[in-house]
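Asks: One structure, pasted below without further comment.
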Amino acid sequence: MPQFTYQAYDEDGKIKKGNLEAASSSGALEQLQAQGLVVVEVKQIARTAARRGTERELSLEMQALFCRSLASYLKSGLPLSDALRLLSRQAAGKRLSEIYSFLLEEVQGGKKLSRAVEDIGVFRDSLRRVVESGEQSGNLVSVLEQLAGQFRVEVRLRRRVRSALTYPLVMMVIGAGVVTFLIGFVVPRLSALFQEIGQSLPLITRILIFISRSVKMMLLPGLVFLLILMFIQRRRKKKKGFFFRNIRRMIDISVISSQIATLLDSGIPLVQALKMSATLDPEPEKWTEVADLVKKGYRFDQALMKTGTFPEDMIYIVRVGEMGGDLSESLRQLSENYWEICENRMERLANLVEPLMVLALGVIVGFVVMAILLPIFDISSLVR
């Protein structure tokens, strides 16, 4: 709960100062008056900067757990403040407990949960938007459950990619170490030996020596370029997500379609549902354009077609659902189909990366080994 500092006079007319916890300043005032004190001043103690959004973002697993746990408590009938209080007490770790306590204080202080989530700054922006739409539609439990499911799917995709890349990355590190040793230690000595005996090096070995010298010359500029590239890529990831463009686009459509379906089931009109869900997309203006077209009298599928930015299969599924009078179910089915497609594509990508990386590593190591062995064979022929 929020902390307050106060100044007050007791029955003997003596000034008293101290701190206390209360849900709000009025609550603190009532507590002090109940003790027979004449309150002069009550001020809320400012929170530290660490609790105002400067912390690093929570892991996706923790955000999924938050959504799932909060939805479970709310579904059982607990008020939001009680649900957050239970989360803060059951949190695994001090940091997580402090985050939940911050949300509890903000909610008890009169803020909406979506605003509190935004202020703490450790959750995804999409989570804040989903919570906001759930508060507006009165269907917070449902949207939290759906978001938790989407986060779990994303976590599974990430784990599959990491699992598929672990073996190739280990092999690459080992191979890089071997190649570095050969280029930095063996090749220079072979080169010096051949110069002493007046024997020219094979072409493949000369190429390897040239590459080795070039790498040494470009090492520092290359590291600087790599750091700049990583910085740019990190900035791009913050804006566009973590998948390739087509997969990212399908995931956005899946998330928004599911959200629109939930809002429609909650009784929200289509135009309003489109505008509320638009914030979940990195490019919300295209959904706002669709909402404006629907408001002008276009059918949903016609509005999607007129913008020219949505896939044909989505337009067809929306048309079927709209004509059949079950648009929300069609959108939900579209969301599930797109999730499954994205999951399959990422799985194929992970399965393809492993052999490609091993093959590339084999080619590099083979090239270095051949460049080293050929001079050795030449020396053997000279000795004979």
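The values are calculated or read from the model by the stated rules, or taken from the named source; none is laboratory data. Everything quoted here is computed from the prediction, not taken from an experiment. Positions of Cβ are backbone-derived with ideal geometry, glycine not excepted, and every protein chain shown enters the neighbour counts.
Asks: Among residues belonging to region 294-306 that are surrounded by fewer than 16 Cβ atoms within 10 Å (Cβ to Cβ) and of a type in the set (D, E, K, R), point out the one that is nearest to the chain's Cα centre (by Cα).
Replies: So, considering only residues that are surrounded by fewer than 16 Cβ atoms within 10 Å (Cβ to Cβ) and of a type in the set (D, E, K, R), the one nearest to the chain's Cα centre (by Cα) is K306.
Asks: Just for region 192-216: of the residues that are at pLDDT below 70 and closer than 20 Å to T180 by Cβ, which one is nearest to the chain's Cα centre (by Cα)?
Replies: Taking the candidates together, the pick is V215.
Asks: Could you please give the count of residues in region 268-296 that are farther than 18 Å from V131 by Cβ and in contact (Cβ under 8 Å) with a residue 60 or more places away in the chain?
Replies: Total satisfying the criteria: 0.
Asks: Only residues that are part of a loop (DSSP other than H, G, I, E, B) and surrounded by fewer than 19 Cβ atoms within 10 Å (Cβ to Cβ): list them for region 266-280, please.
Replies: S266, G267, P269
Asks: On to the next question. Considering each of R249, R332, R319, R345 in turn, give the residue that is assigned to a helix (DSSP H, G or I), surrounded by 17 or more Cβ atoms within 10 Å (Cβ to Cβ) and touching a residue at least 40 places away in the same chain (Cβ under 8 Å).
Replies: R332
Asks: In region 104-133, which residues are free of Cβ contacts under 8 Å to residues at least 24 places away in the same chain and of a type outside the set (D, E)?
Replies: Within region 104-133, K111, K112, S114, R115, A116, V117, R128, V131 qualify.
Asks: Six or more apart or on different chains, Cβ under 7 Å: which pairs go from a residue in region 13-41 that's modelled with pLDDT of 75 or more to one that's loosely packed, with under 10 Cβ neighbours inside 10 Å? Could you list them?
Replies: G36/E11
Listed here are the residues, each with its yes/no results for (1) touching a strand residue (DSSP E or B) at 6+ places or on another chain (Cβ under 9 Å); (2) within 27 Å of I260 (Cβ to Cβ); (3) surrounded by 20 or more Cβ atoms within 10 Å (Cβ to Cβ).
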| residue | (1), (2), (3) |
| --- | --- |
| S133 | no, yes, yes |
| V153 | no, yes, no |
| I174 | no, no, no |
| G184 | no, no, no |
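Asks: When F244 is evaluated against the numbered criteria (1) under 19 Å from S335 (Cα atoms); (2) aromatic (F, W, Y); (3) surrounded by fewer than 19 Cβ atoms within 10 Å (Cβ to Cβ); (4) at pLDDT 75 or above, which criterion, by number, is the only one it fails?
Replies: (4)
Asks: Just one of (1) surrounded by fewer than 16 Cβ atoms within 10 Å (Cβ to Cβ); (2) part of a helix (DSSP H, G or I); (3) under 32 Å from the mean Cα position of the chain (by Cα) trips up T309, so point out which.
Replies: Here T309 clears every test but (2).
Asks: Sticking with this structure for a sec: Please count how many residues of region 293-306 are small (G, A, S) and not in a loop (DSSP other than H, G, I, E, B).
Replies: 1
Asks: All but one of (1) more than 28 Å from E135 (Cβ to Cβ); (2) without any contact (Cβ under 8 Å) to a residue 12 or more places away in the chain hold for D326, so report the exception by its number.
Replies: (1)
Asks: Same structure again: Given the conditions (1) farther than 24 Å from F4 by Cβ; (2) touching a helix residue (DSSP H, G or I) at 6+ places or on another chain (Cβ under 6 Å); (3) among the hydrophobic types (A, V, I, L, M, F, W, C), and given that A92 satisfies all but one, which numbered condition is not satisfied?
Replies: (2)
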